[in-house]
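One structure below.
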Amino acid sequence: TKELAVAIDGPAAAGKSTVAKLVASELAYIYIDTGAMYRALTLKVLREQIPPDDDQAISDLLAKTDMQLEQGDSGQHVLMDGEDVTEAIRSEYVTNNVSHVAKHASVRKEMVQRQRELANKRSVVMDGRDIGTHVIPDAEVKIFLKASVEERAKRRYDENVKKGFTADFEKLKEEIEQRDQIDSKREVAPLVKANDAIELDTTDLTINQVAASVLEEVSKVL
Ligand code: C5P
(Lines give C-alpha, C1' and ligand atoms only; values in the text may rest on other atoms or scores of the structure.)
Protein backbone atom coordinates (compact mmCIF):
# COMPACT_ATOMS: atom_id res chain seq x y z
CA THR A 1 0.00 0.00 0.00
CA LYS A 2 0.89 3.64 -0.42
CA GLU A 3 2.80 5.32 2.38
CA LEU A 4 1.53 8.65 3.53
CA ALA A 5 1.55 11.28 6.26
CA VAL A 6 -1.44 12.10 8.43
CA ALA A 7 -1.28 15.50 10.15
CA ILE A 8 -3.60 16.13 13.10
CA ASP A 9 -3.75 19.61 14.57
CA GLY A 10 -6.05 21.44 16.95
CA PRO A 11 -6.32 23.23 20.28
CA ALA A 12 -5.40 21.81 23.69
CA ALA A 13 -7.25 18.73 24.93
CA ALA A 14 -9.26 18.23 21.73
CA GLY A 15 -8.43 14.51 21.73
CA LYS A 16 -5.61 14.72 19.18
CA SER A 17 -3.21 12.27 20.78
CA THR A 18 -5.86 9.66 21.64
CA VAL A 19 -7.19 9.72 18.09
CA ALA A 20 -3.71 9.85 16.53
CA LYS A 21 -2.62 6.77 18.51
CA LEU A 22 -5.71 4.81 17.44
CA VAL A 23 -5.29 5.77 13.79
CA ALA A 24 -1.56 4.99 13.84
CA SER A 25 -2.12 1.60 15.39
CA GLU A 26 -4.89 0.77 12.91
CA LEU A 27 -2.65 1.67 9.95
CA ALA A 28 0.54 0.30 11.56
CA TYR A 29 2.11 3.76 11.16
CA ILE A 30 4.45 5.52 13.55
CA TYR A 31 2.81 7.99 15.92
CA ILE A 32 4.77 11.18 16.60
CA ASP A 33 3.63 13.38 19.47
CA THR A 34 5.24 16.77 18.78
CA GLY A 35 3.70 18.31 21.91
CA ALA A 36 5.76 15.83 23.94
CA MET A 37 8.93 17.32 22.42
CA TYR A 38 7.98 20.86 23.48
CA ARG A 39 6.98 19.51 26.88
CA ALA A 40 10.30 17.69 27.39
CA LEU A 41 12.23 20.84 26.54
CA THR A 42 10.02 22.82 28.95
CA LEU A 43 10.72 20.33 31.75
CA LYS A 44 14.45 20.86 31.26
CA VAL A 45 14.06 24.66 31.07
CA LEU A 46 12.19 24.64 34.39
CA ARG A 47 14.69 22.30 36.05
CA GLU A 48 17.57 24.53 34.97
CA GLN A 49 15.61 27.59 36.11
CA ILE A 50 15.88 29.32 32.77
CA PRO A 51 13.20 32.01 32.33
CA PRO A 52 10.67 30.77 29.71
CA ASP A 53 11.12 34.01 27.74
CA ASP A 54 14.92 33.69 27.41
CA ASP A 55 14.90 32.41 23.83
CA GLN A 56 18.68 32.39 23.42
CA ALA A 57 19.28 30.30 26.55
CA ILE A 58 16.43 27.96 25.59
CA SER A 59 17.63 27.34 22.05
CA ASP A 60 21.17 26.76 23.35
CA LEU A 61 19.70 24.23 25.77
CA LEU A 62 17.70 22.52 23.02
CA ALA A 63 20.81 22.20 20.85
CA LYS A 64 22.38 19.93 23.48
CA THR A 65 19.22 18.03 24.38
CA ASP A 66 18.54 14.59 22.97
CA MET A 67 14.92 13.50 22.60
CA GLN A 68 13.57 10.12 21.61
CA LEU A 69 10.02 8.89 21.20
CA GLU A 70 10.08 5.16 21.85
CA GLN A 71 7.38 2.64 21.14
CA GLY A 72 7.05 0.32 24.15
CA ASP A 73 4.55 -2.40 25.06
CA SER A 74 2.81 0.00 27.42
CA GLY A 75 2.57 2.77 24.83
CA GLN A 76 4.89 5.53 23.76
CA HIS A 77 7.70 6.65 26.04
CA VAL A 78 9.44 10.01 25.89
CA LEU A 79 13.16 9.94 26.61
CA MET A 80 15.06 13.14 27.29
CA ASP A 81 18.84 12.68 27.44
CA GLY A 82 18.09 9.03 28.15
CA GLU A 83 15.75 9.73 31.06
CA ASP A 84 12.14 8.50 30.84
CA VAL A 85 10.12 11.70 31.29
CA THR A 86 6.79 10.32 30.02
CA GLU A 87 4.99 11.12 33.28
CA ALA A 88 6.94 14.22 34.29
CA ILE A 89 6.09 16.16 31.13
CA ARG A 90 2.35 15.91 31.91
CA SER A 91 2.62 17.84 35.19
CA GLU A 92 0.60 21.01 35.65
CA TYR A 93 3.83 22.99 36.02
CA VAL A 94 5.05 21.90 32.59
CA THR A 95 1.59 22.28 31.01
CA ASN A 96 1.29 25.86 32.22
CA ASN A 97 4.72 26.89 30.93
CA VAL A 98 5.04 24.99 27.65
CA SER A 99 3.34 27.60 25.43
CA HIS A 100 5.82 30.25 26.54
CA VAL A 101 8.76 28.01 25.68
CA ALA A 102 7.19 26.94 22.36
CA LYS A 103 6.61 30.45 21.04
CA HIS A 104 10.26 31.28 20.25
CA ALA A 105 11.27 31.26 16.58
CA SER A 106 14.69 29.69 17.28
CA VAL A 107 13.13 26.88 19.29
CA ARG A 108 10.50 26.13 16.65
CA LYS A 109 13.07 26.11 13.87
CA GLU A 110 15.06 23.34 15.54
CA MET A 111 11.97 21.37 16.61
CA VAL A 112 10.46 21.48 13.12
CA GLN A 113 13.75 20.26 11.66
CA ARG A 114 13.82 17.30 14.06
CA GLN A 115 10.16 16.55 13.35
CA ARG A 116 10.67 16.60 9.60
CA GLU A 117 13.50 14.10 9.96
CA LEU A 118 11.15 11.83 11.89
CA ALA A 119 8.43 12.23 9.25
CA ASN A 120 10.78 11.78 6.33
CA LYS A 121 9.87 8.20 5.75
CA ARG A 122 6.09 8.84 5.57
CA SER A 123 3.81 6.29 7.20
CA VAL A 124 3.43 8.63 10.13
CA VAL A 125 0.60 10.10 12.11
CA MET A 126 1.86 13.33 13.64
CA ASP A 127 -0.11 15.55 15.99
CA GLY A 128 0.50 19.10 17.17
CA ARG A 129 -0.41 22.69 16.36
CA ASP A 130 1.49 23.43 13.11
CA ILE A 131 1.87 20.03 11.45
CA GLY A 132 -0.42 20.66 8.48
CA THR A 133 0.66 24.28 8.10
CA HIS A 134 4.44 24.04 8.64
CA VAL A 135 5.97 20.70 9.57
CA ILE A 136 4.43 18.55 6.78
CA PRO A 137 2.61 21.03 4.51
CA ASP A 138 2.37 18.32 1.82
CA ALA A 139 0.76 15.73 4.12
CA GLU A 140 -1.77 13.65 2.18
CA VAL A 141 -4.31 13.85 5.01
CA LYS A 142 -4.76 16.93 7.20
CA ILE A 143 -7.24 16.96 10.05
CA PHE A 144 -8.11 19.85 12.35
CA LEU A 145 -9.84 18.63 15.53
CA LYS A 146 -11.85 21.01 17.61
CA ALA A 147 -14.34 20.84 20.48
CA SER A 148 -15.98 23.35 22.78
CA VAL A 149 -13.79 24.49 25.65
CA GLU A 150 -16.38 23.14 28.13
CA GLU A 151 -16.17 19.69 26.58
CA ARG A 152 -12.36 19.77 26.50
CA ALA A 153 -12.17 20.85 30.13
CA LYS A 154 -14.68 18.13 31.05
CA ARG A 155 -12.57 15.47 29.33
CA ARG A 156 -9.43 16.64 31.17
CA TYR A 157 -11.38 16.74 34.41
CA ASP A 158 -12.67 13.16 34.00
CA GLU A 159 -9.17 12.01 33.03
CA ASN A 160 -7.67 13.55 36.16
CA VAL A 161 -10.34 12.10 38.45
CA LYS A 162 -9.82 8.67 36.88
CA LYS A 163 -6.09 8.92 37.61
CA GLY A 164 -6.93 9.76 41.22
CA PHE A 165 -5.75 13.38 40.98
CA THR A 166 -7.71 16.28 42.36
CA ALA A 167 -9.22 18.45 39.67
CA ASP A 168 -10.83 21.87 39.53
CA PHE A 169 -13.05 22.19 36.46
CA GLU A 170 -12.99 26.00 36.28
CA LYS A 171 -9.22 26.08 36.69
CA LEU A 172 -8.72 23.45 33.98
CA LYS A 173 -10.96 25.43 31.66
CA GLU A 174 -9.00 28.61 32.31
CA GLU A 175 -5.68 26.87 31.71
CA ILE A 176 -6.89 25.40 28.41
CA GLU A 177 -8.16 28.80 27.23
CA GLN A 178 -4.91 30.46 28.28
CA ARG A 179 -2.78 27.92 26.38
CA ASP A 180 -4.94 28.21 23.24
CA GLN A 181 -4.66 31.98 23.43
CA ILE A 182 -0.85 31.95 23.53
CA ASP A 183 -0.60 29.23 20.85
CA SER A 184 -2.99 31.09 18.52
CA LYS A 185 -1.53 34.54 19.00
CA ARG A 186 2.18 33.76 18.67
CA GLU A 187 4.07 35.20 15.70
CA VAL A 188 5.70 32.00 14.48
CA ALA A 189 3.54 29.14 13.19
CA PRO A 190 0.50 29.88 15.33
CA LEU A 191 -2.29 27.39 15.91
CA VAL A 192 -4.51 27.75 12.85
CA LYS A 193 -6.38 25.36 10.57
CA ALA A 194 -4.58 24.72 7.29
CA ASN A 195 -6.66 25.81 4.30
CA ASP A 196 -6.81 22.26 3.03
CA ALA A 197 -7.42 20.57 6.40
CA ILE A 198 -10.67 18.78 7.17
CA GLU A 199 -12.25 20.21 10.28
CA LEU A 200 -13.90 17.81 12.71
CA ASP A 201 -15.87 19.09 15.68
CA THR A 202 -15.55 16.32 18.26
CA THR A 203 -17.75 17.91 20.95
CA ASP A 204 -20.53 15.34 20.53
CA LEU A 205 -18.48 12.47 19.12
CA THR A 206 -16.81 9.52 20.80
CA ILE A 207 -13.12 8.79 20.30
CA ASN A 208 -14.00 5.83 18.08
CA GLN A 209 -16.27 7.94 15.90
CA VAL A 210 -13.52 10.52 15.43
CA ALA A 211 -10.93 7.84 14.65
CA ALA A 212 -13.34 6.28 12.13
CA SER A 213 -13.77 9.64 10.36
CA VAL A 214 -10.02 10.12 10.15
CA LEU A 215 -9.54 6.59 8.80
CA GLU A 216 -12.21 7.27 6.21
CA GLU A 217 -10.26 10.34 5.03
CA VAL A 218 -7.12 8.19 4.85
CA SER A 219 -8.88 5.52 2.79
CA LYS A 220 -9.82 8.17 0.21
CA VAL A 221 -6.16 8.83 -0.62
CA LEU A 222 -4.78 5.31 -0.19
O1 C5P B 1 -0.19 18.69 22.36
P2 C5P B 1 0.22 19.18 23.73
O3 C5P B 1 -0.91 19.75 24.51
O4 C5P B 1 1.01 18.18 24.49
O5 C5P B 1 1.22 20.40 23.40
C6 C5P B 1 1.80 21.14 24.43
C7 C5P B 1 2.18 22.53 23.91
O8 C5P B 1 3.28 22.43 23.02
C9 C5P B 1 1.13 23.31 23.15
O10 C5P B 1 0.22 24.00 24.00
C11 C5P B 1 1.97 24.26 22.31
O12 C5P B 1 2.38 25.39 23.06
C13 C5P B 1 3.21 23.43 22.02
N14 C5P B 1 3.16 22.80 20.70
C15 C5P B 1 3.48 23.57 19.60
N16 C5P B 1 3.55 23.00 18.38
C17 C5P B 1 3.30 21.70 18.20
C18 C5P B 1 2.93 20.89 19.30
C19 C5P B 1 2.86 21.48 20.55
O20 C5P B 1 3.72 24.78 19.75
N21 C5P B 1 3.40 21.18 16.99
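Which peptide among 49-57, 147-155 comes first, and what is the full order, when sorted by highest mean count of other Cβ atoms within 10 Å?
Per-residue Cβ counts within 10 Å, averaged per peptide and sorted highest first, yield 147-155, 49-57.
So, with a 1.4 angstrom probe, what is the percent of accessible area on the stretch 1-40 that is carbon and sulfur?
Roughly 50 percent, rounded to a whole number.
Quick one: among ILE131, ILE207, ILE32, which has the greatest mean-square fluctuation in a GNM of the chain with alpha-carbon springs under 10 angstrom?
Evaluated over the chain, the most mobile residue of the options is ILE207.
Quick one: putting +1 on the C-beta of Lys and Arg, -1 on the C-beta of Asp and Glu, what dipole do you get for the stretch 100-222 around its Cα centre, in Debye to the nearest 20?
480 debye
When the Karplus curve 6.51 cos²θ - 1.76 cosθ + 1.60 is applied with θ = phi - 60°, which whole-Hz ³J(HN,Hα) does each residue of the stretch 86-95 get, with x for Gly and Pro?
3, 7, 4, 6, 9, 5, 4, 4, 5, 4
Going through the cross-link list LYS2/LYS193; LYS2/LYS103; LYS44/LYS185; LYS64/LYS146; LYS142/LYS185; LYS162/LYS220, which pairs have a Cα-Cα distance over 27 Å in this structure?
LYS2/LYS103; LYS64/LYS146; LYS162/LYS220
Quick check on the chain: helices-only [θ] at 222 nm, where DSSP H runs of length 4 and up contribute -39,500 (n - 2.57) each and the sum goes over total residues. Nearest 500, please.
After summing the helix terms and dividing by residue count, I get -14500 deg cm²/dmol.
How many percent of DSSP beta bridges within the chain run antiparallel, rounded to 5?
Looking only at bridges with both residues in the chain, the antiparallel portion is about 30 percent.
How much of the accessible area of the stretch 144-189, probe 1.4 Å, is carbon plus sulfur, in whole percent?
Exposed carbon and sulfur together represent 49 percent of the surface.
Would you mind putting 176-186, 134-144 in packing order, based on average other-beta-carbon counts within 10 Å, highest first?
My ranking of the peptides, most packed first, is 134-144, 176-186.
Please tell me the relative contact order of the stretch 101-222 in percent, rounded to the nearest whole number, where contacts are Cα pairs under 8 Å and at least six residues apart.
34 percent
Could you work out how far apart the two model spin labels at ASP84 and LYS2 are, taking each label as a point 7 Å from the Cα in the direction of the beta carbon, and quote it in nm?
3.9 nm
Residues of the chain: accessible area per residue at 1.4 Å, in Å²?
51 Å²
For the stretch 44-139, which whole-number percentage of the solvent-accessible area (1.4 Å probe, protein heavy atoms only) is attributable to carbon and sulfur atoms?
46 percent
The values are calculated or read from the model by the stated rules, or taken from the named source; none is laboratory data. Given the structure is predicted, the values throughout are model-derived calculations rather than measurements. Heads up, the Cβs are rebuilt from the backbone with ideal geometry, glycines too, and the neighbour counts pull from every protein chain shown. To get the accessible areas, we keep the full protein, side chains included, count just its heavy atoms, and leave off ligands, DNA and RNA. Shrake-Rupley method; radii C 1.70, N 1.55, O 1.52, S 1.80 Å.
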